Amino acid sequence: MKILVCISKVPDTTSKINFTDNDTKFDENGVQYIVNPYDEWYALVRALELIESNGGTVTTITIGSSKDDPTIRKALAIGANDAVRIDAEPTDSFFVSKQIAEYAKNENYDIIMTGKETIDYNGAQVGAMISELVDMPFVSLATKLDVEGTKATLERDVQAGVEVVEVELPIVLSAAKGMAEQRIPNMRGIMAARSKPLKVVPPFEQKELTTVVKFELPNPKTGCKYIDPENMDELVELLHNESKVI
Amino acid sequence: MSVLVFVEINNKLSKSVQEAITYGKNLGAVTVVTYGDVNDSLLLEMGNYGAENVLVCRSLKERNEQLLSKLIVKAVEKTNAEYVILSQDQTGKAVGPRVAANLGAGHISGAIAVPESSEEFTVKTNVFSGKAIAYVSVHSEKKVISVLPNSIPPKEDKVETSIVEFNENLGEGKIKVTKLKPLGDGIPLPEAELVVSAGRGLKGPENWGIVEDLAKSLGATTACSRPVADIGWRPHHEHVGQTGVAIRPNLYVAAGISGAIQHLAGVNGSKVIVVVNTDPEAPFFKAADYGVIGDAFEVLPRLTASINNFKSSQ
Ligand SMILES: Cc1cc2nc3c(=O)[nH]c(=O)nc-3n(C[C@H](O)[C@H](O)[C@H](O)COP(=O)(O)OP(=O)(O)OC[C@H]3O[C@@H](n4cnc5c(N)ncnc54)[C@H](O)[C@@H]3O)c2cc1C
Ligand SMILES: Nc1ncnc2c1ncn2[C@@H]1O[C@H](COP(=O)(O)O)[C@@H](O)[C@H]1O
């Protein structure tokens, strides 16, 4: 089985979010980058479990500059066999999807996995776009994945509840919570990751379709009004008359 | 300007349907596309929000995102729409990007406002899990925009509506749904206007009765912090925050939740936040509108009683 896992880097979840250059650029000062949790905890780990029981390889793919290499090595330390980096700034989701689709076209992957969304731009777009571009079925927000021969059985979140679906490989999926448990890389993994292949590939031409022109921080709360814990009638009165939410 | 709005209809026009049509109406003349075995009266009701035409594909009976993407693309061809609007719910997340990729259109997911000017078409969206807002401009001729639930107040704007049968041949989907485990009939978390949430301060799953009682008295949906879902006190779909569901209700009541940055990320779009915590130093109070320093085990039942009193006096 050949699995491709899309790995992106995002600011650590505790990062203070600030902007520079007239609020047009994310301020990277003091920001630690991590592997996007959905890509790491769920997609990558489930991919590794599948090849551990069925045989095969897990390749990771990242659109980014050499600044992404530490994140890619982390994915290799957790256990991916090799990595591909498309050497370009990930300008927008379509650009990223196009790169991955073009690369994947000739590689015959059985499964292409993305995370549910990146926790910085929260696009939740790349998986679905790849599936359209490579013309493969797409299972979004998958919380469970089993493979038997060429048939995959998945559970996924939909509005009405949890759907159980069956589909013939190859497929594209986006991974959500529940797929697998986080794995902490051990010393051996970290050492091994250093010598695993990381192939750098030039990008395919694709013009930008969307651009972030400006950022803004939400209005800070003006201050908390404290209410006597004995007097919940007052809270109800405020919710009704002052903030008008009930 | 021609606008195509994709909606899913169950047995009523949900708020997210009204929001999507209202959003579209702000951009131009709205045609809605939908599918399934829907009553004409429900289809016509969309005229209340400004839908001039409703294309309905009755031959597609079940939700199949691959076929829905094709349906929308066909509807774009038919109407020559410049904008495609959908709701940023689970279906929207699966369908919107596919339609965009097919059309070569720029896609904005999670729009929280209608664009202020159409010259340089720019839309406001939530980024960094709600820790910031981005203004994103779209350069392609066609544009696909998914609207974050609870961001645009639905507006009535009644027009004459006509129903057009749109039974296109969409072929077969490759994904077979073998089972649906329903969530129950409460309002799903992303659409809920009132949410009552609790965290590790509740000490154990057996204590959730007071949370559910309060939710019931308000007509609210329940949520929880991540550790609570991780230890299995509550189901995963209730987990809100940066790695869970992001919500923007009118009212978010948080009891026994410390207010860690990852939790706040998913809830700070809420209009009004009420925090109940024994610790006056809990970081959540900084993000709260109303704070109650006290024991959830006493405060929640008291609040439930006050709400019930208030409701019966209305
Ligand atoms: C990468 C990453 C992603 C994360 N994503 C999320 C996420 O999406 N969502 C999320 O929620 N967390 C997330 N977390 C975890 C987050 O950092 C916190 O650990 C978590 O939110 C804490 O949950 P809690 O507030 O329920 O528990 P605690 O932090 O243990 O807080 C319990 C609170 O209850 C109060 N309390 C105790 N007894 C009572 C009582 N009787 N009455 C009233 N109050 C009481 C205490 O004072 C305390 O403030 C993430 C963490 C990481 C590292
Ligand atoms: N620059 C990137 N390189 C590789 N994969 C990416 C990149 N950006 C996003 N992805 C993948 O696409 C998923 C969804 O991202 P998004 O659509 O941006 O929310 C992520 O969880 C990743 O798996």
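The values are calculated or read from the model by the stated rules, or taken from the named source; none is laboratory data. Model, not experiment: these values are computed from the prediction. Please note: Cβ atoms are built from the backbone with ideal geometry, for glycine as well, and neighbour counts cover all protein chains shown.
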Does at least one position in the stretch B:133-148 carry a residue that is more than 16 Å from ligand 1 (Cβ to nearest atom), closer than 27 Å to residue B:175 by Cα and at pLDDT below 95? yes
Flag for residue A:151 being in contact (Cβ under 8 Å) with a residue 12 or more places away in the chain and closer than 19 Å to residue A:54 by Cβ: yes
Restricting the search to the stretch B:233-258, which residues are more than 7 Å from ligand 1 (Cβ to nearest atom) and farther than 10 Å from residue B:223 by Cβ? B:233, B:235, B:236, B:246, B:248, B:250, B:251
Can you tell me which residue is farthest from the other protein chains (Cβ to nearest Cβ) among those in the stretch A:106-137 that are away from ligand 1 (no atom under 16 Å from the Cβ) and within 12 Å of the chain's Cα centre (by Cα)? A:113
Which fully enclosed helices (runs of 4 or more DSSP H) of the stretch B:166-283 have 3 or more residues being within 26 Å of residue B:17 (Cα to Cα)? B:209-218, B:261-267
Meets criteria (within 14 Å of ligand 2 (Cβ to nearest atom) and either within 14 Å of chain B (Cβ to nearest Cβ) or surrounded by fewer than 23 Cβ atoms within 10 Å (Cβ to Cβ) (or both)) for residue A:87: yes
Of all residues in the stretch B:258-273 being more than 9 Å from chain A (Cβ to nearest Cβ) and of a type in the set (Gly, Ala, Ser), which is farthest from ligand 2 (Cβ to nearest atom)? B:258
Members of the stretch B:93-111 found to be in contact (Cβ under 8 Å) with a residue 60 or more places away in the chain and out of contact with any Asp or Glu (no Cβ under 9 Å at 6 or more places or on another chain), listed by number: B:111
Write out, first by first residue and then by second, each pair whose Cβ atoms fall under 6 Å of each other, whose residues are 6+ apart or on separate chains, and whose first residue, in the stretch B:274-302, is more than 7 Å from chain A (Cβ to nearest Cβ) while the second is of a type in the set (Lys, Arg) and surrounded by 18 or more Cβ atoms within 10 Å (Cβ to Cβ). none
Identify all residues within the stretch B:38-65 that are in a helix (DSSP H, G or I) and either touching a Gly at 6+ places or on another chain (Cβ under 8 Å) or not polar (S, T, N, Q) (or both); write none if there are none. B:40, B:42, B:43, B:44, B:45, B:46, B:47, B:49, B:65
Which of the numbered conditions does residue A:228 fail, given that it passes all the others? Conditions: (1) charged (D, E, K, R); (2) within 16 Å of ligand 2 (Cβ to nearest atom); (3) surrounded by fewer than 16 Cβ atoms within 10 Å (Cβ to Cβ). (2)
Anything in the stretch B:174-189 that is more than 7 Å from chain A (Cβ to nearest Cβ) and modelled with pLDDT of 85 or more? List them, or say none. B:187, B:189
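Kindly provide the set of residues from the stretch B:66-104 that are assigned to a loop (DSSP other than H, G, I, E, B) and among the acidic types (Asp, Glu), ordered by number.
Step one: of the stretch B:66-104, the residues assigned to a loop (DSSP other than H, G, I, E, B) are B:80-82, B:88-89, B:104.
Listed by number, the residues that qualify are B:82, B:89.
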Looking at the stretch A:187-212 only, could you name the residues that are touching a residue at least 40 places away in the same chain (Cβ under 8 Å) and among the polar types (S, T, N, Q)? A:206, A:210, A:211
When you scan the stretch B:217-231, how many residues do you find that are away from chain A (no Cβ under 12 Å) and touching a residue at least 12 places away in the same chain (Cβ under 8 Å)? 7
Would a scan of the stretch B:287-309 turn up a residue that is surrounded by fewer than 17 Cβ atoms within 10 Å (Cβ to Cβ) and modelled with pLDDT under 95? no
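Within the stretch A:138-151, work out how many residues are facing another protein chain (nearest Cβ under 7 Å) and not polar (S, T, N, Q). Steps first, answer last, please.
First, the residues of the stretch A:138-151 that are facing another protein chain (nearest Cβ under 7 Å): A:138-141.
After this cut, where a residue has to be not polar (S, T, N, Q) as well, the list is A:138-139, A:141.
Residues flagged as facing another protein chain (nearest Cβ under 7 Å) and not polar (S, T, N, Q) within the stretch A:138-151 amount to 3.
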Can you tell me how many residues within the stretch A:100-125 are in contact with a strand residue (DSSP E or B) (Cβ under 7 Å, 6 or more places away or on another chain), surrounded by fewer than 24 Cβ atoms within 10 Å (Cβ to Cβ) and part of a helix (DSSP H, G or I)? 2
Residue, nearest to ligand 1 (Cβ to nearest atom), within the stretch A:12-41, restricted to residues that are of a type in the set (D, E, K, R) and surrounded by fewer than 18 Cβ atoms within 10 Å (Cβ to Cβ): A:12
Quick check: anything in the stretch A:152-175 under 28 Å from residue A:196 (Cα atoms), more than 10 Å from chain B (Cβ to nearest Cβ) and within 16 Å of ligand 1 (Cβ to nearest atom)? yes
Select from the stretch A:4-26 the residues that are in a strand (DSSP E or B) and within 13 Å of ligand 2 (Cβ to nearest atom) and list them in ascending order. A:4, A:5, A:6, A:9, A:10
Considering residues that are without any contact (Cβ under 8 Å) to a residue 12 or more places away in the chain and within 7 Å of chain B (Cβ to nearest Cβ), the number found within the stretch A:213-238 is 10
